[in-house]
Amino acid sequence: MIDPVRYRFQFYLERFLLRGAHYRLLFIAALIGLVSIVFGGAARYFSSDFATSGEAFLWAFLRLTDPGYLGDDRGLSLRIISTIVTILGYVIFMGSLIAIMTQWLNATISRLEAGLTPISMRGHVVILGWTSLTPSIVRELVQSESRVRRFLERTGSRRLRIAILSESASPEQRHELELHLGKEWDERQIIFRSGTPLRNEHLIRVDYLHAAAIIMPGHDFAPGGSDTADMRTVKILMAIANHARHQGVEPPYLVTEVCDARKVEVAKAAYSGHLETVSSDATISLLVAQNIRHPLLSYIYTELLSHSNGNEIRIRRLPEFNNHMAENLTKLFPKAILLGVLREEGGTLTTILNPPACFVLQESDRLVFMACNHEDTNPDLTRDSTGFPRYKYKHSSGETHTLRRILLLGWNDMIPALIHELDNYKNETFEVDIFSSLAAEKRQEKLDRFALNPEKVKMKLLDGDYTVTSDLERIDVMTYDNIVILGCDWLPSPEEADARTILGFMMLRNLLADKTDPPKVLMELLDPENHSLFTNSHEEVILSPLILSHILAHVALMPELNLVFKELFSSGGAEIYLRPCSRYDLVAKSLNFLEIQKQVSRHGEIALGVRVHGKESQPDGGIELNPSRNKHWDFSENDEIVVLTTYG
């Protein structure tokens with residue numbers, strides 16, 4: 001039979017206790033008071049030691065809270081009551097109180113670890129979202145000491161502080177980042193907060209309105225692919241701009257990844273503040289296209305677009321060289337190579353790389369260098385300022401393939417952008433076969449959505465799975481000039497995607513093991529940890545997350561870099577080539593790099609480094625960028641010079 005009184009009491013007691021730790025403490029206090037009154041009254045009834053009820057109540061309370069009084073009692077009745085009260089004291093006062101305080105402390109720590117408390121900062125960097133790029137972005141920010149130092153000077157901050165807004169900030173993510181950074185991990189420098197950037201109250205947790213820069217990587221491996229990721233990005237941009245407008249402030253400087261280059265203008269329209277966009281499909285497709293046309297360029301990209309002991313793109317103002325010709329500065333920078341300038345024209349910056357002969361610098365120009373660190377871009381004014389002769393570049397016939405056959409293994413959303421990029425090269429034609437287990441109808445549907453109508457690229461869709469031996473053997477791989485294994489972004493994680501890519505590569509390598517002059521193979525990896533598997537081999541690898549994280553991090557620190565990256569890694573304009581030494585009449589000569597620079601300058605190009613034949617298996621592919629000016633080489637027919645030139 002149901003007892004309504006008991007159930008009602010239990011219900012109200014439950015609601016009372018669940019209201020928080022202070023209500024539980026209040027309940028225990030009431031229980032202690034009740035025990036003190038009941039047993040104090042009993043003690044006064046059975047003993048004549050108490051003159052008043054208050055003394056009896058105090059006696060019971062002291063026995064309840066401190067068992068050390070137990071030996072002071074006299075009489076059997078009083079000692080029995082005292083013993084009962086003391087036992088209740090262990091249970092109620094000590095046990096329950098400790099349990100409540102422990103539970104409250106655990107709940108408080110869990111709430112703090114969950115990152116729900118808003119921070120209060122100025123001049124910090126905010127990263128919106130935890131993706132496969134986030135650890136690499138943080139590492140790039142932490143390791144770029146000289147660039148961070150200048151960034152802090154501009155923002156008026158004393159030290160770099162990074163706030164990460166993750167939808168489920170957890171100790172696991174913190175531990176993963178700690179492992180990723182190693183000895184560079186600093187608990188005081190990096191703060192996690194839970195939440196989604198789609199909600200203003202969650203954005204407040206990272207104090208986004210006072211941030212010096214916000215970095216928003218794309219949502220990788222999202223259901224629905226790049227379309228869903230870009231829709232989310234545009235919505236977040238609108239939300240941040242709207243929240244800032246309601247606060248009456250300018251939206252903070254923001255760098256975001258956009259998966260589909262066609263949505264860049266939509267993203268810019270959605271954000272009213274300073275916005276820099278990095279199109280992931282366009283960027284990676286540009287690098288893949290250039291590496292197809294010029295094998296071994298992946299080693300150069302890895303050095304320029306990842307933080308290491310190698311070279312990076314540097315930008316600085318040197319107004320003292322106003323009215324100087326660019327080619328006259330070559331000898332003044334013994335540890336850096338001048339690539340060109342950023343020039344302001346009509347309120348906008350224009351990138352001029354590999355400037356023409358007799359190019360005169362202006363006071364407001366920002367010089368673009370390739371150097372290991374910022375200090376290497378300091379001019380040595382004690383050196384000879386006499387420049388090298390520089391002539392107009394002339395395109396030589398036969399230096400590019402008129403027709404190149406390419407085999408793409410796998411499918412991802414970058415392929416339409418890659419086809420579009422290849423079609424932009426005016427002097428070249430391509431035959432591209434796409435071999436994938438994804439149904440040809442679906443692939444054709446995705447290609448049709450991009451309204452591709454290539455004139456210089458002929459496509460063919462082949463059905464099959466490149467991880468199945470019989471399927472791969474059906475293809476005559478020796479008829480291709482290049483084979484590209486693409487990362488499968490339709491798999492659940494980058495680890496699974498790379499496992500498939502590596503399996504396909506191993507099968508392809510076995511297939512080509514006994515072949516003479518096999519096609520060039522390029523792999524796209526989506527997990528930077530897997531790059532170590534190929535550091536001692538001559539296979540070329542493009543690490544998409546590492547490249548994108550470098551660009552996002554460094555554009556956040558220096559917005560002008562985005563213009564340089566877009567110019568350097570796009571079709572047309574300035575490009576990096578590997579030219580045979582015979583082109584510059586360097587074969588069978590012992591020359592230092594300063595003399596190489598002089599010879600290359602005569603052809604209207606800029607020498608960036610040297611590639612020695614036979615060293616492809618080294619981690620750098622045998623390529624040495626920005627070498628010592630006094631180092632000598634004895635060049636053979638197979639050696640090459642890395643140059644910055646102008647396409648066409």
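Tabulated data for the structure shown
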item: The stretch 139-182, residues that are within 14 Å of HIS124 (Cβ to Cβ), exposed (fewer than 15 other Cβ atoms within 10 Å of the Cβ) and touching a helix residue (DSSP H, G or I) at 6+ places or on another chain (Cβ under 9 Å); result: ARG158, ARG159
item: Any hit, the stretch 294-306, residues being crowded, with 21+ Cβ neighbours inside 10 Å, in a loop (DSSP other than H, G, I, E, B), assigned by TED's automatic domain parsing to the domain that holds LYS566 and in contact (Cβ under 8 Å) with a residue 12 or more places away in the chain; result: yes
item: Which listed residue, of ARG174, ARG122, is in contact with a strand residue (DSSP E or B) (Cβ under 7 Å, 6 or more places away or on another chain) and at pLDDT 85 or above; result: ARG174
item: Some residue of the stretch 497-516 being touching a helix residue (DSSP H, G or I) at 6+ places or on another chain (Cβ under 7 Å), basic (Lys, Arg) and over 19 Å from ARG293 (Cβ atoms); result: yes
item: Condition check for ASP448: without any contact (Cβ under 8 Å) to a residue 12 or more places away in the chain, out of contact with any Phe, Trp or Tyr (no Cβ under 9 Å at 6 or more places or on another chain) and closer than 26 Å to ASP227 by Cα; result: yes
item: Candidates THR516, THR429, THR501, filtered to the one that is buried (at least 20 other Cβ atoms within 10 Å of the Cβ), more than 23 Å from VAL258 (Cβ to Cβ) and either hydroxyl-bearing (Ser, Thr, Tyr) or touching a Lys or Arg at 6+ places or on another chain (Cβ under 6 Å) (or both); result: THR501
item: The listed residue being aliphatic (A, V, I, L, M) and either under 32 Å from the mean Cα position of the chain (by Cα) or outside the structural domain of CYS372 (by TED's automatic domain parsing) (or both), out of VAL541, VAL600; result: VAL541
item: Residues satisfying the stated conditions in the stretch 391-418, i.e. aromatic (Phe, Trp, Tyr) and modelled with pLDDT under 85; result: TYR391, TYR393
item: Residue within the stretch 312-335 that is surrounded by fewer than 23 Cβ atoms within 10 Å (Cβ to Cβ), under 19 Å from the mean Cα position of the chain (by Cα) and in the same structural domain as THR386 (by TED's automatic domain parsing) present; result: yes
item: Tally of residues being within 20 Å of GLY621 (Cα to Cα) and of a type in the set (A, V, I, L, M) across the stretch 531-583; result: 8
item: Exclusive hit being part of a loop (DSSP other than H, G, I, E, B) and closer than 28 Å to VAL142 by Cα, set PRO545, PRO559; result: PRO559
item: Failed condition for CYS488, given (1) more than 25 Å from ARG293 (Cα to Cα); (2) assigned to a loop (DSSP other than H, G, I, E, B); (3) among the hydrophobic types (A, V, I, L, M, F, W, C); result: (1)
item: Residues of the stretch 419-449 satisfying the condition of being hydroxyl-bearing (Ser, Thr, Tyr), within 17 Å of GLY487 (Cβ to Cβ) and either at pLDDT 90 or above or part of a helix (DSSP H, G or I) (or both); result: SER436
item: Within the stretch 72-119, considering residues that are assigned to a helix (DSSP H, G or I) and basic (Lys, Arg), the one modelled with the highest pLDDT; result: ARG79
item: Extreme residue, surrounded by the fewest Cβ atoms within 10 Å (Cβ to Cβ), among residues of the stretch 606-648 that are touching a Lys or Arg at 6+ places or on another chain (Cβ under 8 Å) and among the acidic types (Asp, Glu); result: ASP634
item: The stretch 594-628: number of residues that are touching an Asp or Glu at 6+ places or on another chain (Cβ under 9 Å) and outside any loop (DSSP other than H, G, I, E, B); result: 7
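The values are calculated or read from the model by the stated rules, or taken from the named source; none is laboratory data. These numbers were taken from a predicted model, which means no experiment stands behind them. Cβ: placed from backbone, ideal geometry, glycine included. Neighbour counts: every protein chain shown.
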